[in-house]
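Chemist: First, the structure itself, so that you have it in front of you.
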Amino acid sequence: MKRKSLLYVLITCLMFSLLATACSSDNKQNESTAPAKGDEKVKLVVWIWETAKDGLDLNMEAFKAKYPNVEVEFQTMKSTDLYSKYLITSNTGDVVPDIITVESTNLSQIVQIDSLLDITSRVEPYKDKMSSYKWEDATKDDKVYAMPWDSGPVVMFYRNDLFAQAGLPTDPEEVAQKIQTWDDYYEAAKLVKEKTGAMMYGDSKTNSSNRMFESMMWQRGLWYFDAEGNVAVDSPEIKESADFLIKMQNEGLVFDARANSDQWGNGIRDGKIATVVGGSWHDAIIENQYSPADKGKWSVTMMPKWSKDDKYTGANQGGANLAINKNSKHPEEAWNFIEFMLGSEDSQVQMMEKAGLFPAMLVNNDASLEEKSAYFNDQAIRKVYAQSLANTYPLAYTSDFPMANKLMTDVWAKVFLNNDSSEKALQEMAAELRSKTKRN
């Protein structure tokens, strides 16, 4: 009996020992994937481009104070390199980066490859605090995969000194009344060229970025694809916009340089371009990069509309978002970072005031909107941005936007190099889009 009892005790002890070892192993495994606790350090890797990083840097001191155990490593690269690199990374299941920065122009494309973390429940408190159109490209099958950052409300920057020489009004409200439609813009362009020799805007005939064309479409609620997802670029309404820009080019009213290129910037610097119809972020480009010596000579007003009766008066160019790699080992910390940077009005206002990133978050009542810009003729330019943003059609770029944008550049080349009609070039583009995207 004693031997049996001793054997029973030994077996029982061994079982408890094995069970304890297994539990210890399970606990260690759970700890390796759990959110950081106590003094445990976590490192987040963020892929981003330099100008966007400049904005986040403004809030890093405050973030570190709140989350001292989270280290953030920014890996900067061009946005085009970021997307191509991430497309490779997403196919291999890499845990790096934890967070990626994505322009709205490419967001839907990234969302479609199912590589991002579903953050639907996390963004719920912010759905009504952001511009509604910013959620469109972040959503797939009613799930949200990115948090909106900044917007690019389109306005018209103009050289008030050139307008004065042309006999046009210079006060922003008076300019908005004088140039209500694109036909008004055309008439003003002829005056500007006649009286000053300057061109009304800058764009390339054969290598257009399509920013002007896309802003014209967006303001009217038109796009390369319609609300049902069908190809719409060969519609009569879109042809109207294309024909207007062709007329501007043919009459020598356009400075021939791709928007936002160095050649275009030189035209801004030399006073050869009278207006920039573009996203709000152009203010920093004009003031700091291309035309720093022209303080007081630039003003801002609303962009022209196609018709005076149009409901919407604004459009959008670009804007960025932050998203979490679904393979990240630190999703909670990654969300804390995104929420701190983009979900806080203080953080967003800081980036708006000091980095020129106009937020997707609706901050219409913030005092910073009333702040006057010494460079832009002591005008409260952010109020114009807010007005544009509040009156912008809720449009999505869609996952096929990068392809459509490239094909549209080819349309202009066919028109200006091959003398094709706009109807023929747009129909060929529509056919190619339908073939490649399998859309109707």
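Chemist: With a 1.4 Å probe and all protein chains left in place, how much of the accessible area of the stretch 269-407 comes from carbon and sulfur atoms, in whole percent?
Modeler: In the stretch 269-407, the share of accessible area belonging to carbon and sulfur is 44 percent.
Chemist: Find the accessible area per residue for the stretch 235-366; the probe is 1.4 Å, ligands and nucleic acids are left out, and the unit is Å².
Modeler: Using a 1.4 Å probe on heavy atoms only, each residue of the stretch 235-366 averages 38 Å².
Chemist: Which order do peptides 399-407, 330-338 fall in by mean Cβ count within 10 Å, highest first?
Modeler: 330-338, 399-407
Chemist: Among THR392, THR89, THR105, which one shows the biggest mean-square fluctuation in a GNM of the chain, springs joining Cα atoms closer than 10 Å?
Modeler: THR89
Chemist: Further question: Per 5 Å bin from zero, what fraction in whole % of the C-alpha pairs of the stretch 178-258 is there, up to the bin with the longest pair?
Modeler: The percentages, shortest bin first, are 3, 14, 23, 24, 18, 10, 5, 2, 1, 0.
Chemist: Rolling a 1.4 Å sphere over the protein heavy atoms, what is the accessible area per residue of the stretch 114-221, to the nearest Å²?
Modeler: Using a 1.4 Å probe on heavy atoms only, each residue of the stretch 114-221 averages 38 Å².
Chemist: Let me ask you something else. Using the alpha-carbon centroid of each, what span in Å lies between the stretch 345-383 and the stretch 133-154?
Modeler: About 21 Å separates the Cα centre of the stretch 345-383 from the one of the stretch 133-154.
Chemist: What ranking do 42-50, 428-436 get when scored by the average of other Cβ atoms within 10 Å per residue, highest first?
Modeler: 42-50, 428-436
Chemist: Taking the DSSP beta bridges in the chain as the whole, what percent of them are antiparallel, to the nearest 5?
Modeler: Of those bridges, close to 65 percent are antiparallel.
Chemist: Here's another thing I want to ask about it. Between LEU58 and GLU432, with labels modelled 7 Å along Cα→Cβ, what's the label distance in nm to one decimal, could you check?
Modeler: In this crude spin-label approximation the distance works out to 4.0 nm.
Chemist: Run a plain Debye calculation on the stretch 303-392 (Cα atoms as equal point scatterers, no solvent) and give log10 I(q)/I(0) at q = 0.14 Å⁻¹, rounded to two decimals, same order as the q list.
Modeler: Those come out to -0.64, one per q.
Chemist: Still on this structure, I have one more. Label ASP128 and SER421 with points 7 Å out from Cα along Cα→Cβ: what is the distance between them in nm?
Modeler: In this crude spin-label approximation the distance works out to 5.2 nm.
Chemist: Percent of accessible area on the stretch 48-91 owned by carbon and sulfur, 1.4 Å probe?
Modeler: Numbers: 1250 of 2480 Å².
Within the stretch 48-91, the accessible surface is 51 percent carbon and sulfur.
Chemist: Shifting gears a bit: Between LYS406 and THR181, how many nm apart are label points set 7 Å from Cα along the C-beta direction?
Modeler: Result: 3.8 nm between the two label points.
Chemist: Lys and Arg at +1, Asp and Glu at -1: add these up for the other residues within a Cβ distance under 12 Å of TYR126 and post the number.
Modeler: My count for the surroundings of TYR126 gives 0.
Chemist: So if we plug the beta-carbon distance of ASN69 and LYS295 into 1/(1 + (r/R0)^6) with R0 = 51 Å, what FRET efficiency do we get, rounded to 0.05?
Modeler: The computed FRET efficiency comes out at 0.70.
The values are calculated or read from the model by the stated rules, or taken from the named source; none is laboratory data. Here the structure is a predicted model, which means the values were calculated and not measured. Cβ sites come from the backbone with ideal geometry, for glycine too, and all protein chains shown count toward neighbours. Heavy atoms of the whole protein, side chains included, go into the accessibility calculation; ligands, DNA and RNA do not. Shrake-Rupley method; radii C 1.70, N 1.55, O 1.52, S 1.80 Å.
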